[in-house]
Every structure is written in C-alpha cells, then in structure tokens.
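Input: a single structure, listed below in structure tokens.
Read-outs: derived from the displayed coordinates by stated rules, not from any lab. Note that the coordinates shown come from a computational prediction; the quantities given were computed from them, not determined experimentally. Cβ sites come from the backbone with ideal geometry, for glycine too, and all protein chains shown count toward neighbours.
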Amino acid sequence: MKRTGMRASFLVLCAALLTISACTRHSGAPGVTPRAFGTALVSVSGEKQFAGVGSQLEQPLVLQVNDAKGVAVAGAVVRLSAAGGAFATPREGLTGPDGQFTATITLGGAGGHYQIVASSPTASGQQIFMRVDESALGYQEMLGAKLNEIHCIRCHDPESTAERVSNMDNLTAKPHAFTDGAVLNPMSAADLTSIISHGGVAVNKSAEMPPYGSMLTKQEIAALVAFLRAVADPPYLAQGVNYASN
Amino acid sequence: MSVRGRIAAAKAFLFGDSARAFGTLSLALLALLTVVPARDYFRDWRGVQKQYLQLIHGRNDAPALTRHFQGGVQQIWLPEIGVVDRCTTCHVGLKESTLTDVRTQPFRPHPPVPHSLTEFGCVLCHRGQGTATSVADAHNSSSSWEEPILPARYLESGCGQCHIQPLTGTPKLNQGRELLARYGCVRCHTMRAPDGTKRTGTDEPPSLEHIADKTSREWIAAWLRDPQAYAGSATMPNFQLKDDEIRDIAAFLIAQSQPYRSQKASEPAPVPSQDDAVIQQGASLYGESFCASCHAVQNAAGLLVGGNLGPELTRVGSKVKIDWLADWLRNPAIYDPASAMPHYRFDAKQIGLLVTFLSSKTDSDFTGTAKAAAAEPKQIERGRILVIERGCASCHAINGLKAPEDFAPELTEVGSRPLSRILFAPGVPNTLPDYIAARIRDPRSFGDTLKMPRFSLPQPQVDAIVTALLAQTARAETLPASMRIPARKPSDYRPAGRAGKLMDEMRCFSCHIINGRGGTMAPELTYEGTSVQRAWLVNFLKNPNTLRPALIRRMPRFNVTDAEANTLADYIMTAWQTPDFEGDASDDLRFTAADVQSGRELFYNKYACQSCHIIDQSKDKGYVGPTLTQVGSRLTAPWILHWLRNAQTLRPGSLEPVWNMNDADARSITAFLMAQKGAPVKEAARK
C-alpha cells in the first residue's frame, strides 16, 4: 500500500517536471540561432501608428540592433511579443545586412494602446528590451480619423504629400497637430468640443480656426475628440495608460 | 474478506429487505434530482456574474452599477430581425459608460457606436451564437464551428448588411466594395446588394475587337505573362498561364481583331523623333496638357506620379503602335467611343510631339526583342477555346464571343456560406474569413484546375475585400426593408443639343459631377450658371487658369474655339441654375465703399478667411480654397452671399465650413469680394 503511494507521487513529480521543462523550452529556447550580438535596440520606423481594431498597421515596424559603438549589427536575433491579441509577423528573426529587422504588426480586437516588446539576446546571455507603442481605433475613433482627413488635416498636419499640401505654415497661429498630447491632453473634452463647434474664438484663440458646429453633427465632433485622444503622444492620461491585455 | 463477500455484504446492507431497498432507491433518486440544479448552479455565467459583482465592489460608481445589475440569464429578443442574444448575461458592463477603465473581458463597456444594443443585439455585427450561455459555445473556439465570433478586423462587414451607401465611419468596407468594383470581381461573380440591385464594375476593361491595330502579339504575350510587370498599377489579374497557352491566346486575339477604321487616316502618322530636345518638348506638352491628372508615370525613384483615372504610361512606348497613338491623340472616340478620355483637339504638331514623347517611354526588358513566329490555325483555334474557358469575354469585348452569363459562382450570400459546403486548402484555418482571404490571395492553392486568376493585392486590401464579401449575407436579404439605407440612385443626366455634344466630346463628366452624374476629381458644377459670370466662364473654357495653387490635378486646355466656348457658356448660364435664389437678383446688391471696408475687416479679422484664401498675393498665403484675387470678376454677388450662409447646400461636400453668417456680415464680405476685380477680362467675340 505504501509502495503504491510512493510510486504514484513519483509519477506525479515526473509529470510536473516534464511539464515545467516543456514550458520552459517553449518560451525560452530560440527558434533562430543568433550569429551576432548587439547591445542596444533602436526603432527605425513604424512606431506610433494607428489602424482599425484587429487590422494590420500600414507601415512595417523596423528595428535595428546596434553594438556598443552604435554600429548596426547584422545577424542578431530580434523577438517581438505583444499582448491583447496583437502580434507581429514574423515574431522573431535575424537582422539583415543593414542591422535591421522588419515585421508587420497586427493589432488586437479592442480599441486602445498596444505595446510591442522587442528583445534581443546579448553576448553575455542577457536580454535587451525595447517597447513600441501603437494604437487601435474603434468605430468612433476611426470615424474621427476619417473626418480629420476630410476637414482638419490640411491645417493640422505639418506633413505635405503630393496630393495634399499642408497649409499649416500659411497660418499666423500654428495649429496643433492632433498627436500633440502635451498641449491637447490638458484641454477638457468640453473645451475641444467648443473649439470645434464655435471656432478658435470660443476660447479666445485664433479666428483662423473656423467653426464646424453647423457642418458636423454632435456625434461627429465627439468622434473627432475621441480620435485625437486616441492618437495623443504622450498618451492621454485621463485614466492612465492602459495597455491591452488578454 | 473476499471481494465477492464484500459485494454480498453491501447488497444485503442496501437491498436487504423492502424497506432498505425503498430507502436506497429514494436516496439515489434524490441524488439524481440534485444533479440538474447543481449543473445549472455551476454554469459559466454564474461565475462571471459573481466576478463582476466583486469587480464593482468598492468602486465609486458601485451604487449605480449595482442598481443596473440584473442577475440571471439576460436576453435581447428582436423577433423581426431574428436576434436572440444572451451575450449580456456575461457581458454585464456593456452599457456602463463609467467602466471605461476596465479593459478585461467580459466586463468592458461597449465602445461608442451609432446603434444601441437593445435595438440591434450583438450577433448582427459580431456573429457568434447568440443563444449560447457558455463561453465556448457562444464564441466558438473549436475549428469548423459554424458561427464563430467575427475577428475584429472584419467588423465593418456588419454595417454593410444594411448600409448600401458608403459611410464615413466604415473606410474598410467602402474600400473593399470599391476594390470589388474596380478589379472586375463583379464582372464574373454576380453580387447583389440586399435590396436586390446588382453590383456593377467601375473599371472599364478595354475592348479587344481592334487590338491588332493598337499593339503587337509580343506585347499581348508579355502582358498575359505578368500584367503587373508592365504596370504595377494594372488591375488585370495574373491568369497563371503556361507559355504555350499565352502564345495561343495572343495569336487568337490578333486573329479575331478587325480594323477600327474603314479607311486610312487623312493625315499621315508622325514619325517619332529620336532627338532629346524634341522628346523634352513633348514632355513639356504632356505636362501643360495635365495628362498627369489622369495618367501616372513611374519616376526615377520608382514612385507612381499622377492620377489613376487612365492607365499608367510608364512603358507605353513598348505597347502601342505609332499610327494608333496618333489617332488616339487626335480623337480617342475614333478607336473607343466609350473612352473616358477627352477629345483634346491637338493640332498635327502637338500630336507629333506627344507621340515622340510617349513612344520614347519603352522598356525592352518587358517585351524582349524576339519576334513571334507566324501563328498556325491550330494555335488560333486553341487560343479561342482558352479565351472561352478563362472567361475573358466577361470583361473584354471580343469579336464573335458573347459575354458569358454567371461565369463564376454567385457571391450574393458568400458571407454566410456554410462551412460544410467549403473545401479548405491545406494550411488554411477552417473559418469563412480565412477561406475567402486565401481564395483571393492564391486561388490555385485550392486546385490547379481553378479558373480564378491571382490578384496581387497587399494584405490591407485583401482584408478590405474580405470585409465587403462578409457583408454579403443571407441575413442581410431577410432583414426588414425599413432597415436598409439604400444607395443613391445613379443619375443618367445628359445635356442635350450642341453644348451637350461638346461636353460629351470633352468628357466633362469624367471629372465633374453635374446633376448627380460624373466623376469626383473636379468641383461639382450643377449650379455653375448661378455661380460664375459669363465673361469669366468663356475665358476659362478657352484657357483654364488655375484657381487653386496647391492642386496638382488641373483642368486641361481643350483648345476650344470662341464659338464653342460661347455655345458652352450659353448652355451653362441657362441650364445650370439653382432654383433657391429668389429675391436675390444682383441688381439689389448695390454696395458702398463703407460696405467694402467693413467686409475687409470681417474677412481678415472676424472670419480669418485668409487662412485658406488669398486676396493679396503679397501677404495672404492660405491655399486650401481657391485664390480670390479676381473673385469679383469670377463669381456673382448672390452666389457669394448664399455661399457665406451655407456653402453645403450649393455644393455638398465642399471644404468650406457652414458659417451660418448673419445677413449684415455676409453682405459686407460679399461687397469686399465683389470689389476684387483684378485685371479686366475681355470677353471673347460672340458669334
């Protein structure tokens, strides 16, 4: 009787050990072998984009591994992980001859901020980390994004394209980019709504901002406010930055 | 004691006499009876509701949340749209706007959308099993589940079940529908909107009836091999043909072609010059004629520059024959009466320059230099069969072939196709969206004999098309008609008479919307007659100068005569009038110098119009709207007055905000603007 009990507990122990080792291997062992190591991860492009919930970001995320002298390292391993249903394709790989690793990012199904964590092993077996922020827009924020493209972007976006030349530099009072969280975050939703509805003069600011209260509906103005809250950088802190999680 | 002995003892204990047996059976029955309520007690949703109560416990908003909370199975029942949704049993916080800080499911509040949960339920947009009350049953999770939750990236498909007209808030759905129309999907697959109207294509696949006059067999072969190698922006898909199939199809297409003109052109075709200076002159004329408003060309950096109304011209010199090109530039309608390209009225010298420039845009890598050997009749016949098999005539007009009807499976209800009727290719996850996406990305992975060609589309475009196709559900057709937001009726407005003929020749409707018909590249002109002064209009038609300095798309010069300009102006000034201007005849608007002065103040200070418009070239810089330096010679006073009140009623979609300006301000600004005359305009002689 006693022997059976011992045998049973031994079996349980073995099973537990097996499970633990299997899990460890699953999460820890690299799928690709590094050919070189770096000491720093830097972001080249693809940070702070936004797209509809669950969608793939338009631009790929490009990260670079550098050595201690700041020179790009080819053949270093980069791994990307994200929570909340977001994922990178590919999830891991080696940096190319230019020291860069490129992946497309697909956002999770809920609106809000997503943090992509990039890691790369160093020669000493430690990991270097880097965090990249992206945002997912729900229906309301996406509606705001589209209204922005129609009505606001010509003056509020300093970037020009061939199809759309920015009017920002032609204005005396420079409009704030909608991503300018430092200025826009402290402004209340009521103030922003008032400026959009009644123009800059509503809060003693420039008349160069025209009133849109008769052009846009209340819902549309709310959508614009939601959009600029969603893309604010630094993030809009009304509720603290919440990263999406499962 | 032996095992048998133990069993015998237990039997005696439980069923020893009738009283014991009765007692035992009663206890067993009681135990059985408790199983049912116990199972019910341990259902998923009870645990979830308990968690919710713990979550809201101690929050500031707990009293309100507790008051809203209702325990037990909840249900949204909407019999007329077939909704029986119990999702709110677990998703308790959906309607709680104060829970925005909660980001864990199932308690997150629903993000703001234009529809209420109680009116529409959940599954209409999200899919899933509405009646289920366990997590796995409701959402799916095992593969091949008939009605799994829809991944968030396709959510806009829900909107498309009722909204046939594009919505600002559903860019992905709109894009998907545009792509279905632009890439010719609807020409092979029948697709009906929920109101029964057939979706139609916006592409204009060229007729191949006279193809031999336009291009060579070698070009057709190279094009069939890889259309995107000729033009990255080409919408023609890759049919993944074998080399001999390509050879035979090209042979057939040339063989079936008939001449497009019964006699030779009266003017001899120009001989393209190899002189760089002449090519440069041609390039300048290409620029001045604003060909780039519609046609794109790849620049040195490999980026496409130009519009997408007409085909890309990066390698056009490798494609077209000189005689054809000269004829096309002379008047596109000679070759294709339905072409969207205007009749430019170029003279012989201009045609020569443009032919020189365009024919210099060659790429010998594309066609190669080898001449195709003469086609054998057998090859031509085999080419004909291949053309029929591949359904080429669904898009292109071909001599002797009729457009096949229902060539490919109908897709009206593809968004609700049962998985049991789908054959999945290996490696494709067993869900409907993944199946549709895989079919678009690589149709041949589902079988070598499949006829569907491959469209090289980036992932976001594939997602958009899948979204649009998922909106094609059986449910959409059974929803009550009152829920449908119908598409705007297409207008078939066509101006009559001599002016109408001229407008058709110049293809005004390719760019301008007039009375509901036309393209969106240029301003709407429905009320142009009320808006502008006749003298300005005549002048503009003869020599379109630019009103918006920041625009790269501009009105080309059509080389019209004085008489033609007057005919057009007469028609526009009479027919394109708004009916809403009663009592505002311009005679009543007599402005004083004081009006002009106060208008200037209002223009610059109160309304800051200089943010977007230029009055004084030396200090105003805004270029969102048109330049107003000579607006007093261009627009009419009543038009400006109404425009300042509400421009959207005059030209819906204009960027001009609705000012709702009071009458005094509007009148003063009108006075100021009417005073901006610029240089005097000499009216063209009337005939």
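Using a/c under 1.5 as the rounded threshold, could you call region A:168-219 rounded, prolate or oblate? The axes a ≥ b ≥ c are square roots of the C-alpha gyration tensor eigenvalues, and prolate needs a/b larger than b/c, oblate otherwise. Verdict is oblate for region A:168-219. What's the whole-number percent of alpha carbon pairs in region A:40-137 lying beyond 23 angstrom? Of all Cα-Cα pairs in region A:40-137, 22 percent lie more than 23 Å apart. As a calculated quantity, the FRET efficiency between B:K242 and B:E80 at R0 = 41 Å, using C-beta atoms, amounts to about 0.15.
Modelled this way, with points 7 Å down the Cα-to-C-beta line, the labels at B:R590 and B:K619 are 3.2 nm from one another. Based only on Cα atoms, what Rg/Rh ratio does chain B have, Rh being taken as Kirkwood's radius? Using Cα coordinates only, the ratio equals 1.11.
The gain in end-to-end length when the B:T574 to B:N662 segment is fully stretched comes to 28.7 nm, 0.36 nm per residue minus the alpha carbon separation.
Extending 7 Å from Cα along the Cβ direction at B:N559 and again at B:F424 yields two label points whose distance is 6.2 nm.
Counting Cα-Cα pairs of region B:89-187 in 10 Å increments starting at 0 gives whole-percent bin shares of 13, 37, 33, 14, 3. Scanning chain B for long hydrophobic helices, with DSSP H runs required to stretch 30 angstrom or more by C-alpha along their axis and to average at least -0.5 on the Kyte-Doolittle scale, returns B:18-41. One way to sum up the overall shape of the protein assembly as shown is the equivalent ellipsoid from its Cα gyration tensor, whose semi-axes run 59, 40, 30 Å, largest first. Around B:R494, what is the net charge, scoring Lys/Arg as +1 and Asp/Glu as -1 over all other residues with Cβ under 11 Å from its Cβ? Value of the local net charge: 0.
Each label point was placed 7 Å from the Cα along the Cα-to-Cβ direction; for B:L29 and B:Y493 their separation is 8.3 nm. Electrostatic tally near B:R651: other residues with Cβ closer than 11 Å to its Cβ, Lys and Arg +1, Asp and Glu -1, net -3. Along its first, second and third principal axes, ordered by size, region B:202-262 spans 35, 32, 16 Å in Cα coordinates.
Calculated from the alpha-carbon coordinates, region A:139-231 shows an Rg and a Dmax of 12.4, 35 Å respectively. Other residues with beta-carbon under 12 Å from the beta-carbon of B:P270 carry, at +1 per Lys or Arg and -1 per Asp or Glu, a net charge of -2. Ellipsoid fit via the Cα gyration tensor, region B:277-332: semi-axes of 18, 14, 13 Å, each the root of five times an eigenvalue, largest first.
Once you reduce region B:412-469 and region A:149-173 to the center of their Cα atoms, the two points are 40 Å from each other. Excluding same-chain neighbours fewer than eight residues apart, the aspartates and glutamates reachable from B:K321 by a Cα-Cα span under 17 Å are B:E209, B:D213, B:E218, B:E267, B:E312, B:D336, B:D363. If you take the alpha carbon atoms of region B:45-149 and fit the smallest convex hull around them, that volume is 103 Å³ per residue.
For the residue pairs B:K349/B:K542; A:K218/B:K621; B:K198/B:K378, alpha carbon separations beyond 27 Å are given by A:K218/B:K621; B:K198/B:K378.
The P(r) of region B:492-687 has a tail past 21 Å containing 53 percent of all C-alpha pairs.
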